[in-house]
1. Take the alpha carbon atoms of segment 104-133, find their center, do the same for segment 158-185, and report the distance between the two centers in whole angstrom.
2. Which residue, P26, A72, L97, has the largest displacement toward the positive end of the dipole of segment 26-134 when charges sit on each Cβ (Lys, Arg +1; Asp, Glu -1)?
3. Placing +1 on the Cβ of each Lys and Arg and -1 on the Cβ of each Asp and Glu in segment 176-309, which of T271, F203, Q220 has its Cα farthest towards the positive end of the resulting dipole?
4. Would you list S245, S310 from fewest to most Cβ contacts within 10 Å?
5. Can you compute the charge dipole magnitude of segment 129-288 about its Cα centre, using +1 on each Lys and Arg Cβ and -1 on each Asp and Glu Cβ, nothing else charged? Give it in debye, rounded to the nearest 20.
6. How would you rank 83-90, 190-197, 311-318, highest first, on the average number of other Cβ atoms within 10 Å across their residues?
7. Roughly speaking, what is the stretch gain from E127 to T30, that is 0.36 nm per residue apart minus the C-alpha to C-alpha distance, in nm to one decimal?
8. Which order do the peptides 54-63, 115-124, 95-104 take when ranked by the mean count of other beta-carbon atoms within 10 Å per residue, highest first?
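Since every read-out is calculated from the coordinates, none of them should be taken as a lab result. Computed from a predicted structure; not experimentally measured. Note: ideal-geometry Cβ built from the backbone for every residue, glycine included; neighbour counts use all protein chains shown.
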Amino acid sequence: MKPYLDAPASAGPGRTALLVVNLGTPDAPTRGAVHRYLAQFLHDHRVVELTRWLWCPILHFIILPLRSGKVAKKYASIWVEGGSPLLVYTQRLAQGLQHAMPDVSVRVAMRYGNPSVPDVLRKLQEEGMSRLLVLPLYPQYSASTSGSVLDAVGKELAGWRRTPDLRFIADYHLDGGWLDAMEARVRAHWDLHGRADQLVMSFHGLPKRYEKAGDPYPRQCEAGARALAARLGLAEGEWKLTYQSRFGREEWLQPYTDKTLEALARDGVKTVDVVCPGFAVDCLETLEEIAVENGEAFRHAGGEALRYISALNDEPGHVAALAAIARRQLQGWPH
Ligand SMILES: C=CC1=C(C)c2cc3[nH]c(cc4nc(cc5[nH]c(cc1n2)c(C)c5CCC(=O)O)C(CCC(=O)O)=C4C)c(C)c3C=C
Ligand SMILES: [Fe+2]
Ligand SMILES: [Fe+2]
């Protein structure tokens, strides 16, 4: 039988850790690195709910060979010094959180790729962690994202002799501090650029059947979008909720972002502001898909300008909102 991971020798008071987990990203903008990343990501049954005998041949013989090179080029177009924007911004956000919470060990892990959840948890164990708060960087809960983060943490801890006390933040889609930060982000963009004809709130999509199976994600997107529109004083008709980043051939949550933007342009809308409240930090799906691909499609269909409103990233309001959410969860934890 496999022995359990030994507990560290010291039986001191133990540290509290905040593990900030984001989706993950390739280690480099190359075909090989993207292949490795997509292979891990798309083998997760929480992400692709299909029987493996059907899915594995499609994944290994069609998706990975055809997609890896194409997607690597897209990553190369957004790569920054320090790596993939998703990782760089997540690290900066965590630095802000560490500054705001000096009594807690704040660490970043990625659900897919590096730094991996098992590696980061083992380092924390060596450092004497006895309480663990997990914060997936997804404001809205989905089984395919936040649910999968809990799987990864649970799978690692299942091999430990001494497991830590554990808490998990499933979502924060109606948190007042987070809504304050989102509202301020949109207003700051309006102060700089003026208001476009329409505000589109674009969320990452999901297969429609996940909603039918009870995933609360679309309801949380709707509730958060309505709350943000109300704070911004937008009337019906001045904003829209859409879903982006479709993958595969089955139906995903609708309305689709790309089709909606093209229809708006064809109907004579000249300018749109697009904000992506489901993305805590900027990444391929915002910087490339929305700002570049959808921007071009909007102009091609007759629109003049699509202005992408960047994610909250490491701005102070975001750090303050997440620190307050974490502090509330840490309350009442016996020492
Ligand atoms: C069935 C496939 C996918 C589901 C379901 C899915 C859900 C989902 N994803 C995010 C957030 C992100 N996804 C990102 C990239 C990305 N997503 C998928 C597929 C599914 N996502 C793929 C294949 C990719 C990789 C790029 C590509 O091949 O097109 C990213 C960006 C990562 C980066 O490195 O920048 C994020 C973030 C959410 C929130 C979500 C469900 C709600
Ligand atoms: Fe496989
Ligand atoms: Fe995705």
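1. Taking the Cα centre of segment 158-185 as reference, the centre of segment 104-133 is 15 Å away.
2. Result: A72, furthest along the dipole toward the positive end.
3. With unit charges placed on the Cβ atoms, the residue in question is Q220.
4. Numbers: S245 21, S310 18.
With the fewest neighbours first, S245, S310 line up as S310, S245.
5. Values: 20 positive and 23 negative charges, 93 e Å.
So the magnitude is around 440 debye.
6. Values: 83-90: 22.9, 190-197: 13.5, 311-318: 19.6.
Going by the mean number of other Cβ atoms within 10 Å, highest first, we get 83-90, 311-318, 190-197.
7. Working: separation 97, 0.36 × 97 = 34.92 nm, distance 3.42 nm.
Computed gain between E127 and T30 is 31.5 nm.
8. Working: 54-63: 13.0, 115-124: 17.7, 95-104: 15.5.
So the peptides 54-63, 115-124, 95-104, ranked by packing, come out 115-124, 95-104, 54-63.
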